[in-house]
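Student: Got a structure for you, written out below as structure tokens; questions coming shortly.
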Amino acid sequence: MRIAIMGSGGVGGYFGARLAKGGADVTFIARGAHLEAMRKNGLRIDSAQPLELPKVNATDDPSSIGKVDVILFSVKLWDTESAAKSLVSTIGPDTGLISFQNGVQKDDMLRPIVGEKALIGGTSYIAASIKAPGVIGHLGANQRLVFGEFDRKPSKRVEAFHAACIAGGITAEINPDINVEIWQKFVFLVGMSGATASMRANAGQIRTNPQTRQFMLDLMKEVVAVGLARGVALSPDYAEQRIAFIDTLPAEMVASMANDLRDGKQLELPWLSGGVVDLAASVNVPTPANRAVRDILALYVSGKTS
């Protein structure tokens, strides 16, 4: 199976490496020092289940790859349009593009560029980031991909990708109602990103303080309310289920947006808490907690300016 990884950071780097280890023909699309390190030394995964690939295919030019079977799309949301346009030459009649980006607006951003037929819905569950050029750090043991066709029908390309994931040791699941799965991930992500970034604290600190725990829960309850108002089949108590899940996570875990804030990088805030506020406006659902996060972090959205 020919697979292109657009965005070879924590998500793309980790799962791309596992797919390559399982025998897939994987090409990583990257840039800068990370690309140069992969070209020179391959790719290493620092994890409870470590992996080292001394040699990988890596490029900064998608047009050099040719047609592929599947594209794992995991760039930051603000790079979506330019990254998708660069991939047009790799998309054939049966190519599937799976966005493992954050948020619930990601696929709507991609449809006008790559077309409805190419899109496969997907979500990823992992705490991973670039530890050093050519090195992906994976925190904890959790790693999972969930994906499925938006028309809810089985397809050969989804089944083939699932088989490639299993061969690489990836915990993978085909979900026939992938839109619900995407919203479920959104509930969790908005809670984790909004709380850990706005409070500059980790999951362990937040969940053990009654006030901060309640604020994290409120962030997620607002997402559930917006999803239900928009016709998404979420369980009404899904936020409570997610806070119980957060209790099982490593105490030191933070969302990637908290790391980006710490490092002075651009934030995905407009599509996370900001996205909740925007989506809520059309269904008249109040979102005071997410509005607070959006407004508190507004000065940092573009990263450091000096």
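The values are calculated or read from the model by the stated rules, or taken from the named source; none is laboratory data. Only a predicted model underlies this, so the values are computations on that prediction, with no experimental measurement involved. Please note: Cβ atoms are built from the backbone with ideal geometry, for glycine as well, and neighbour counts cover all protein chains shown.
Student: Looking only at residues that are over 17 Å from the mean Cα position of the chain (by Cα) and assigned to a loop (DSSP other than H, G, I, E, B) in segment 175-203, which one is surrounded by the most Cβ atoms within 10 Å (Cβ to Cβ)?
Tutor: The residue in question is Asn202.
Student: May I ask you to list the residues in segment 85-100 that are touching a residue at least 60 places away in the same chain (Cβ under 8 Å), of a type outside the set (Val, Ile, Thr) and out of contact with any Pro (no Cβ under 9 Å at 6 or more places or on another chain)?
Tutor: Asp94, Gly96, Phe100
Student: In this structure, is Ala172 assigned to a helix (DSSP H, G or I), in contact with a strand residue (DSSP E or B) (Cβ under 8 Å, 6 or more places away or on another chain) and buried (at least 18 other Cβ atoms within 10 Å of the Cβ)?
Tutor: Details: assigned to a helix (DSSP H, G or I): no; in contact with a strand residue (DSSP E or B) (Cβ under 8 Å, 6 or more places away or on another chain): yes; buried (at least 18 other Cβ atoms within 10 Å of the Cβ): yes.
Criteria not met by Ala172.
Student: Looking only at residues in segment 247-276 that are buried (at least 22 other Cβ atoms within 10 Å of the Cβ) and β-branched (Val, Ile, Thr), which one is nearest to the chain's Cα centre (by Cα)?
Tutor: Selected residue: Val254.
Student: Right, something else. Please specify each residue of segment 76-104 satisfying the condition of being farther than 26 Å from Lys156 by Cβ and in contact with an Asp or Glu (Cβ under 9 Å, 6 or more places away or on another chain).
Tutor: Once the filter is applied, which keeps residues that are farther than 26 Å from Lys156 by Cβ and in contact with an Asp or Glu (Cβ under 9 Å, 6 or more places away or on another chain), segment 76-104 yields Lys76, Leu77, Trp78, Ser86, Asn102, Gly103.
Student: Determine which single condition Ile5 fails, assuming it passes every other condition in (1) surrounded by fewer than 24 Cβ atoms within 10 Å (Cβ to Cβ); (2) assigned to a strand (DSSP E or B).
Tutor: (1)
Student: Name the single residue that is surrounded by the fewest Cβ atoms within 10 Å (Cβ to Cβ) among those in segment 19-72 being among the basic types (Lys, Arg) and within 30 Å of Ser155 (Cα to Cα).
Tutor: Of everything passing the filter in segment 19-72, Lys67 is surrounded by the fewest Cβ atoms within 10 Å (Cβ to Cβ).
Student: Pairs only if they're at least six apart or on different chains, beta carbon under 6 angstrom, first in segment 279-298 and under 19 Å from Trp183 (Cβ atoms) and at pLDDT 95 or above, second part of a loop (DSSP other than H, G, I, E, B) and not β-branched (Val, Ile, Thr); list them, first residue then second.
Tutor: Final answer for the pair search is Val283/Arg230.
Student: Need pairs with beta-carbon distance below 6 Å; first residue surrounded by fewer than 20 Cβ atoms within 10 Å (Cβ to Cβ) and within segment 226-242, second part of a loop (DSSP other than H, G, I, E, B); sequence gap 6+ or separate chains.
Tutor: Every condition considered, the pairs that remain are Leu228/Leu234; Ala229/Val283; Ala229/Val285; Arg230/Val283.
Student: For segment 280-290, enumerate the residues that are hydrophobic (A, V, I, L, M, F, W, C) and in contact with a helix residue (DSSP H, G or I) (Cβ under 7 Å, 6 or more places away or on another chain). Quick ask: steps written out before the conclusion?
Tutor: Within segment 280-290, the first condition is being hydrophobic (A, V, I, L, M, F, W, C), and the residues that meet it are 280-281, 283, 285, 289.
Within segment 280-290, Ala280, Val283, Val285, Ala289 meet the criteria.
Student: Could you list, in sequence order, the residues of segment 18-68 that are assigned to a strand (DSSP E or B), without any contact (Cβ under 8 Å) to a residue 40 or more places away in the chain and closer than 21 Å to Gly140 by Cα?
Tutor: Those that are assigned to a strand (DSSP E or B), without any contact (Cβ under 8 Å) to a residue 40 or more places away in the chain and closer than 21 Å to Gly140 by Cα: Leu51, Glu52, Leu53.
Student: If Val277 satisfies every condition in (1) of a type outside the set (S, T, N, Q); (2) part of a helix (DSSP H, G or I); (3) out of contact with any helix residue (DSSP H, G or I) (no Cβ under 7 Å at 6 or more places or on another chain) but one, which is the exception?
Tutor: Unmet for Val277, out of (1) of a type outside the set (S, T, N, Q); (2) part of a helix (DSSP H, G or I); (3) out of contact with any helix residue (DSSP H, G or I) (no Cβ under 7 Å at 6 or more places or on another chain): (3).
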